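Peer 1: Questions regarding the structure given below will be posed in turn.
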Number of protein chains: 2
Amino acid sequence: MALRFRRREARHLWDIEHSRNALEPSHTHHISRQYNAELEEIRSRVLQMGGLVEQQIEQALAALVKADTALGEAVIMGDAKVNEFDVAIDDACQHIIARRQPAASDLRLVMAVIKTITDLERIGDEAEKIARMAVRLANEERPKNNYAELQTLGNHVRAMVHDALDAFARMDPQDALATAREDRRIDQQYESVIRQMITFMMEDPRTISRALDVIWAARALERIGDHARNICEYIIYLVKGKDVRHTSLEQIEKEILGRRT
Amino acid sequence: MALRFRRREARHLWDIEHSRNALEPSHTHHISRQYNAELEEIRSRVLQMGGLVEQQIEQALAALVKADTALGEAVIMGDAKVNEFDVAIDDACQHIIARRQPAASDLRLVMAVIKTITDLERIGDEAEKIARMAVRLANEERPKNNYAELQTLGNHVRAMVHDALDAFARMDPQDALATAREDRRIDQQYESVIRQMITFMMEDPRTISRALDVIWAARALERIGDHARNICEYIIYLVKGKDVRHTSLEQIEKEILGRRT
C-alpha cells in the first residue's frame with residue numbers, strides 16, 4: 001500500500017495549466033508560485049487521504065476474513081484519521097477560495113477536491129462498518145467458505161478505489177471513465193451475492209443471521225463502489241469542465257471522444 | 001407540501017450579517033445589493049429543491065403503501081428534476097465564488113449550500129429506490145400489515161427532513177441540533193424493523209423475499225435520516241463557523257450552549 005502510494009505521488013503529472021502564469025511581473029509570479037504550491041499541497045493531501053482509505057478497506061476485509069479483532073479495532077480507530085484529513089483539506093480549500101479567489105480550472109480543482117474528500121470520508125465510514133462487523137463476528141463460527149464472496153467483491157471494489165485515485169493523480173478523464181464503468185460490474189457482482197444469500201436463507205433458515213451479515217458487508221462494499229464512481233465523475237468534470245453526475249456513461253464517452261476529434 | 005413550503009419561504013429570517021454593507025459608497029452598495037439578491041436566490045432554490053425532495057419521499061412511500069404504480073413512476077421520473085436543481089444550484093454557487101469572491105459567513109453559506117444539495121440529491125436517490133420497489137411490488141401480494149413499520153419509520157424520517165429544511169430556512173443552530181438528535185431515534189426504529197424482519201424470516205422462510213424488501217426500504221429511509229443529519233450539521237457550521245461533522249452531538253451542544261452564556 002505504502003509503496004503503491006509513493007509511486008502515485010512520484011508521477012508529477014499535474015498538468016492543468018494555470019493561465020495566470022503567463023507573462024506576469026516577478027512579484028505576481030512569486031505569489032503565483034506560492035499559490036501553485038498550495039494547490040499542489042492540497043492535491044497531495046487528497047492522495048494521502050486516498051491511500052489511507054484504501055488501507056482501511058483492505059484491513060477491514062482482512063480483519064473479517066482472518067477473524068482478527070485487533071486489526072478490526074485498528075481500522076475503527078483509524079477512521080478518526082480519515083476524518084482529520086477531511087476537515088483539514090476542507091479548511092485548506094476554503095482558505096484558498098477566500099485568499100486566492102481561484103477562477104476557471106483552479107476553481108474546478110478546488111470544487112472537485114471538496115467533493116472528492118466527502119466521498120473518501122464516506123468510503124472510510126463504510127470500511128469502519130465492515131471492521132465493526134469483523135470484531136463482532138470474530139468469536140462466532142465462520143461460514144465454510146470464509147466469506148469468499150466478500151473477498152472477491154472486496155478485491156474488486158478496492159481495485160476500483162485504487163484506479164479512481166490513480167486517475168485523480170494523473171487527472172486522466174479516459175481512465176476515470178473506464179474506472180467509472182467498473183461500478184456496473186461491481187453492482188452485478190453485488191446482486192449475485194445477494195441472490196446467493198437469499199438461496200442459502202431459504203434452504204436453511206438457521207443461516208439467516210449469518211447471511212444477513214454477509215449482505216450488510218456486501219452492501220457496504222457496493223456503496224464504496226458508488227463513491228469511487230463519484231470521484232471518477234469529479235475528475236471528468238475537473239478536466240473537461242462538464243458536470244457528468246447525472247449523465248449516462250455512454251453519453252459521457254460520446255462527449256469526451258467527440259471533443260477529442 | 002406546496003403550502004408548507006410557501007410558509008417556509010415567507011419567513012425571511014435570513015439574518016446573517018453581510019459586513020460589507022456597512023458604510024459603503026453607493027456604487028459598491030448597488031453591487032452589494034445584487035450580491036445579496038444572488039445569495040438569497042440560491043438559498044430560495046435550496047428550499048425549493050428541499051420541498052421537492054420531501055414530496056418525493058412522501059409519494060414514494062404512498063406508492064408503496066397504496067400499490068400505486070403510476071405514482072411510483074411519477075417519483076422515478078421526478079428524480080431528474082431533483083438532479084436539475086443539484087446541477088443548477090452547484091453552478092450558481094461556483095459562479096458566485098468566481099465573481100463575488102465571498103469571504104467569511106458568505107463563503108460558509110456557499111460551502112454549506114454546495115454540501116446540502118449533495119445530500120438532498122442523495123435523499124432523492126433513496127426516494128427513487130423506494131419508488132422502484134413500489135412499482136415492482138405493486139402487483140404482488142401485500143403483507144398483512146401493509147408495510148405499517150415502513151409507514152411509521154417513513155413518517156418519522158420525512159418529519160426529520162422537513163425539520164432540517166426548516167432549520168436551514170431559519171438558520172437556527174438550536175433547531176438543527178435538535179433535529180440532528182432525531183437521527184438516533186430513527187436508527188433505533190430502523191434496528192427494531194430489522195430485528196422484526198429477521199424474526200419473521202426465521203419463523204417462516206417463505207416470507208424471506210418479502211422481508212428483505214422491507215429491509216431494503218427501511219435501509220433507504222435510515223440513509224435519508226443520515227443525510228438530514230448531515231444537513232443539520234452544515235447549518236451549525238454555517239452559523240457557528242465550527243465544523244461539527246466529526247463531533248458527537250453532546251460535544252456540539254456543550255459548545256453551542258457554552259458560547260451562548
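Peer 1: Rounding to the nearest 20 debye, state how big the charge dipole of the range A:59-148 is about its Cα centre with +1 on each Lys and Arg Cβ and -1 on each Asp and Glu Cβ. Before the final figure, lay out each step's value.
Peer 2: Details: 12 positive and 15 negative charges, 44 e Å.
The calculation lands at about 220 debye.
Peer 1: Compare each residue of the range B:88-134 in its chain alone against the assembly with all protein chains, and report those whose accessible area goes down by 20 Å² or more; 1.4 Å probe, heavy atoms.
Peer 2: B:D90, B:Q94, B:I97, B:A98, B:Q101, B:L107, B:M111, B:I114, B:K115, B:T118, B:R122, B:K129
Peer 1: For label points placed 7 Å from Cα toward Cβ, what is the shortest-first list of nm distances from A:A80 to its copies?
Peer 2: Ordered by distance, the counterparts are at 4.9 nm.
Peer 1: Taking each label point as 7 Å beyond Cα in the direction of the beta carbon, state the distances from A:H29 to the same residue in the other copies, shortest first, in nm.
Peer 2: Label-point separations across copies, in nm and ascending: 4.5.
Peer 1: What ³J(HN,Hα) values, in whole Hz, does the Karplus curve 6.51 cos²θ - 1.76 cosθ + 1.60 give for the range B:108-116 when θ = phi - 60°, with x put for Gly and Pro?
Peer 2: With the stated coefficients, the range B:108-116 comes to 4, 4, 4, 5, 5, 5, 4, 6, 4 Hz.
Peer 1: Quick check: the distance between the Cα centres of the range A:214-238 and the range B:30-48, to the nearest angstrom?
Peer 2: Between the Cα centre of the range A:214-238 and that of the range B:30-48, the gap is 33 Å.
Peer 1: Just how large is the dipole of the range B:2-256 about the Cα centre, in debye to the nearest 20, putting +1 at every Lys and Arg Cβ and -1 at every Asp and Glu Cβ?
Peer 2: On the way: 36 positive and 43 negative charges, 43 e Å.
Rounded to the nearest 20 debye, it is 200 debye.
Peer 1: Give the span of the range A:2-256's Cα atoms along each principal axis, as three whole-Å numbers ordered largest to smallest.
Peer 2: The Cα atoms of the range A:2-256 stretch 76, 42, 29 Å along their principal axes.
Peer 1: Hey, what's the Cα Rg ratio for the protein assembly as shown versus the globular rule of thumb, 2.2 N^0.38 Å?
Peer 2: 1.00
Peer 1: With each run of n ≥ 4 DSSP H residues scored as -39500 (n - 2.57), what mean residue ellipticity at 222 nm is computed for the protein assembly as shown after dividing by its residue count and rounding to the nearest 500 deg cm²/dmol?
Peer 2: -29000 deg cm²/dmol
Peer 1: Using a label position 7 Å from Cα in the Cα→Cβ direction, what is the ascending list of nm distances from B:S248 to the same site in the other copies?
Peer 2: 4.9
Peer 1: Can you spot the lysines whose alpha carbon is less than 22 Å from A:K81's alpha carbon? Ignore those fewer than 8 places along the same chain.
Peer 2: Counting by Cα, and skipping residues close in sequence, A:K81 has these lysines nearby: A:K115, A:K129, B:K115, B:K242.
Peer 1: Longest exposed-loop-site-free stretch of chain B, with trypsin sites (Lys or Arg not before Pro), DSSP loop and at most 12 other Cβ within 10 Å? Provide the component values of the computation, followed by the final result.
Peer 2: Working: sites that count: B:R11, B:K144.
So the longest stretch without any such site is B:12-143.
Peer 1: Out of the total accessible area of chain B (probe 1.4 Å, heavy atoms of protein only), what percent is carbon and sulfur?
Peer 2: So the carbon and sulfur contribution to the accessible surface is 51 percent.
Peer 1: Please list the radius of gyration and Dmax for the range B:127-261, considering alpha-carbon atoms only, with Å as the unit.
Peer 2: In order Rg, Dmax, the Cα atoms of the range B:127-261 give 17.9, 59 Å.
Peer 1: Further question: Rounded to the nearest 100 Å², what is the buried accessible area between A and B, both sides summed, probe 1.4 Å? If you can, show how the numbers build up before the last one.
Peer 2: Numbers: alone 13240 and 13230 Å², together 23090 Å².
It comes to approximately 3400 Å² buried between A and B.
Peer 1: To continue, here is another question. Could you tell me the relative contact order of chain A? Use alpha-carbon pairs under 8 Å, at least six residues apart, and round to a whole percent.
Peer 2: Dividing the mean separation by the residue count of chain A yields 23 percent.
The values are calculated or read from the model by the stated rules, or taken from the named source; none is laboratory data. Computed from a predicted structure; not experimentally measured. Cβ sites come from the backbone with ideal geometry, for glycine too, and all protein chains shown count toward neighbours. Quick note on the areas: whole protein, heavy atoms, side chains included, nothing else; ligands and nucleic acids left out. Shrake-Rupley method; radii C 1.70, N 1.55, O 1.52, S 1.80 Å.
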